[in-house]
Amino acid sequence: MDDALGHEITQLLQAWRRGDEGALDKLTPQVYRELQLAARRCMGRERDGHTLQTTALINELYLRLSDLKLIDWQNRAHFFALCARQMRRILTDQARARRSHKRGDGANAISLDDALAVSPEPSADLVAVDDALNQLAKVDERKSQVVVLRFFGGLSVEETAEALNVSPETVARDWRLAKAWLMRALSQNKSDEA
């Protein structure tokens with residue numbers, strides 16, 4: 001994305017925060033495509049027959065964002081980082097509700113390589129990934145944030161670095177280490193359940 005558009009998005013976010021509803025009308029079409037791509041990546045990891053569709057995920061995201069309009073938006077990266085966190089919550093909340101409804105019936109085991117790869121292949125137990133991310137956050141919050149931004153938000157290494165105010169090299173290192181940590185945590189949880 002070019003700097004001019006990124007700057008315009010930042011200005012619109014700040015105007016929206018100040019109460020300019022017209023800014024939201026101008027902002028929506030500019031960020032919708034990127035949110036749709038991120039939502040599609042998230043939904044691509046879900047099992048077949050998932051009840052939440054990409055458009056519904058974005059609509060739920062917009063509803064949650066409307067409650068957050070008083071946030072002091074720093075820039076475009078900050079906005080997309082928050083969107084990634086919200087999409088994680090939406091999907092995890094729905095997965096937890098589905099799990100409690102089914103009491104675990106039909107839950108799939110996942111490999112972290114499959115789950116963390118930004119690909120259209122379905123991953124399975126989002127709740128297990130969320131639990132592992134929460135464990136990782138207790139050990140290293142930044143590495144957890146890197147996973148959320150890359151996995152749920154689909155942000156590039158550079159965009160993640162901008163959102164977290166660190167270097168791209170730090171993000172790349174955190175991404176590698178976080179994946180290794182999460183693989184170990186998920187495989188340990190899987191063996192504990194067996």
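For an R0 of 25 angstrom, estimate the FRET efficiency from the Cβ-Cβ distance between residue 24 and residue 165 and round to the nearest 0.05.
Numbers: r = 26 Å, r/R0 = 1.04.
My answer for the efficiency is 0.45.
In nm, what is the difference between 0.36 nm times the number of residues separating residue 14 and residue 176 and their Cα-Cα distance? Kindly include the intermediate steps, with their values, before the conclusion.
Values: separation 162, 0.36 × 162 = 58.32 nm, distance 3.40 nm.
Going from the current span to full extension adds 54.9 nm.
Every number in this text was worked out from the coordinates using simple rules, so none of it is lab data. Quick caveat: nothing in here was measured; it's all calculated off a predicted structure. Ideal geometry is used to build each Cβ from the backbone, glycine not excepted, and the neighbour counts take in all protein chains shown.
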